[in-house]
Amino acid sequence: MICRSSLLIMPVISAILALGLPAIAAPQIRSVVATDPGPQTPNSGGFDARRCPAFVRDIDAIVKQPKFRYAQFGVLIQDSKSNTLYSHNAERLLIPASNAKILTTTAALRSLPLSFTVNTSIYDLGNGEFRLVGQGDPTLQDKHLEQLAKSLKDRNITQIKTLTLDDRYYGNDWINPSWEWEDIQADYAPPISGLILNENAIGLTLTPTTIGQPLIIKWNEPENAKNYRVENLTKTVAIDQPESVTITQPEPGLVRITAQLHVGAEAESVGISVLKPTQNFADRLRRVFESVGIVVGTIDPPKSPFPRGISEPTAPTTINSSSLMSPLPKGARGIATITSPPLSDWIQETNQSSNNLYAESLLRQLGTTDNQPIGNGFTSDRGLTVLTQTLTKMGVDPDSYKLVDGSGLARRNWVSAEAIVQVLQAMKDDETFRKSLPSSSTGGGLHKRFKGTAAEGIVSAKTGYLTGAIGLSGYVTPKDTQPIVFSILLNHATVPLSEQMKAVNAIVVRSAKLNSCE
C-alpha cells in the first residue's frame, strides 16, 4: 500500500505543484452577517447565532490579519436551515484543491445507485483466444488477478494462445490535460485507464543511514527493479536539517529520487505512477497465470496513450483501437469475473483518503452512464456534464463553480465557498456522504487536527491542499446546537502552510463555540 498521508510528502507535493498560478485580480473584501432575523426561532439549544455580533468580529479578526493581506479567503458559515451566520467573499471563485471531491462524490451519489459496481471479466472466444475486459475498477489488486487465474485453472484451462486486454472503457481519456507534467509522474496522479491495477502506482521505501550517506532505496516489490533504473540523489542529514523528497521520471524507465531524511528517522514510503499501465497489467497478469500453471502465448495490450496536448518524452505512441471495445464475437463465453465493491466504498475512499484515482474514476463512470463504449472519446468531459446537470437540479448555480477534473488536482478548477455550502446543505442527511468525510473518529487528516480544542470530536469535513490553495469544508456540531455547515477556502497566502492551517482551524474552533456569544 502506497503511503498517501505522510506529513513528509506534503512539502513534496507542494514543491511539485508550485507552477502555473493564474493571475487573479485583487479581492474585493466583503464580510456579511445576516440582518436582524426578526422573531427568534430557537434551535435545539434555544440560541440564535445570528444575534451574536461577537462571532462575526472574531472571524473577521482571523481572515483580515495583516499577514493575509495578499491572500484571498472565501468563507461561508450557515446553520442547518441555510441561514447565513458569516460570509466573507463567499461567491468568489477560488482554487478548491481536494474540496472539489465534495462535488464529485455528491454527483456520483445522486446519479448512480448505491449498489453500483463494475466488472473485470475474461471471455473465451474459442480456438485458444481470450479477451479480458476492464470497466475501470480502481479497487483491482494483484489478489484479484490470482482469483481470475484460479477460476481459469478450475475450468481446466491451462493453455492460452492469445489474450487481448481491452482497456478502453474510459476511451482515450487517461490523464487530464490540465494536470502538470510533474504531477503525472507521482503516485497521487496515475493514469485512469480501463484496466487499473494496484492503483496504477508502484511503491518504494527510503531508509536513512548515516549522516552524509545516501538513503537506502528499496522497491516494495523486487521485480520492479527489472523495469526501472534508479538515480539516487539522496542524503541522510542531521536532525536540525530540513527533510524533503522529490521523485521524477525524466525518461521512460528512469526514476530520479532527490531526498533528505533525518538520521535515525523511520523509513519513508513513497511512490511513482505507472505511465504505461496496460503493459504493466500484462506483465503482472502473465506472472500470475504462469504461477498457477497456465501457459500464456501472446498478451496483446494496446499501446498506452499519453494525455491530450502532451507528447511522450521519446517517440510518440500511436493508438490502434480497431479491435478494442468491439462487440464480443458470437459464441464468446464469460468464464471469470471480478466485481468491484459497491459505490459506497468508492465514495469512502475518495473522501477519507482524498484519493485522486478514485475521484477521477467516479467522474469517468458518470461519463459512461449510458453503458456504451467510448472509443476515443473523453469520459471526463461527459462526466463533468453529468456532474453539472446533477448539481443544477439540486439548486447549485453552475456559474458558482468551474471544474476541469474530479479530484481537484488541476489549478484550473474554480469553486466558491457558496457552491460548496449549497452542496453540503443538500447532502447533510445523506448517511453515506456524511460517513465518508474525515473526522476525529474516522481519520482522513482530521483525527488529530482539533485535538484539545472546542472542535474536538464534533467536526467532519473534507480537507484540501495545494501550494497556495487550501480548504476545509463540512459540518461542525456545537453542544446543544443544530449542525453548522461551513466552507473555508484560502488561496495565494504567502505565509507557511502551518500558519494557513492555524487560521482555518481557528475559524472552525470559533464555530464550535456557537452555543454562546462569548
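A short reminder: the numbers here are calculations on the coordinates, not readings from a lab. This one's a predicted model, so the numbers in the text were calculated from it and none came from an experiment. Backbone-built Cβ (ideal geometry, glycine too); neighbour counts: all protein chains shown.
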Segment GLU431-ASP142, extension gain: residue separation times 0.36 nm, minus the distance between their alpha carbons: 100.9 nm
For ILE507, net neighbour charge (Lys/Arg +1, Asp/Glu -1) across residues whose Cβ lies under 14 Å away: +3
Neighbourhood charge, 10 Å Cβ-Cβ cut-off, centred on SER460 and excluding it, Lys, Arg +1 and Asp, Glu -1: +3
Straight-distance crosslink candidates among lysines, where the alpha carbon sits under 25 Å from LYS402 and sequence neighbours closer than 8 are dropped: LYS101, LYS393, LYS428, LYS462
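Computed FRET efficiency, Cβ-Cβ of SER498 and ARG256, R0 22 Å: what is it to the nearest 0.05?
Working: r = 29 Å, r/R0 = 1.30.
Rounded to the nearest 0.05, the efficiency is 0.15.
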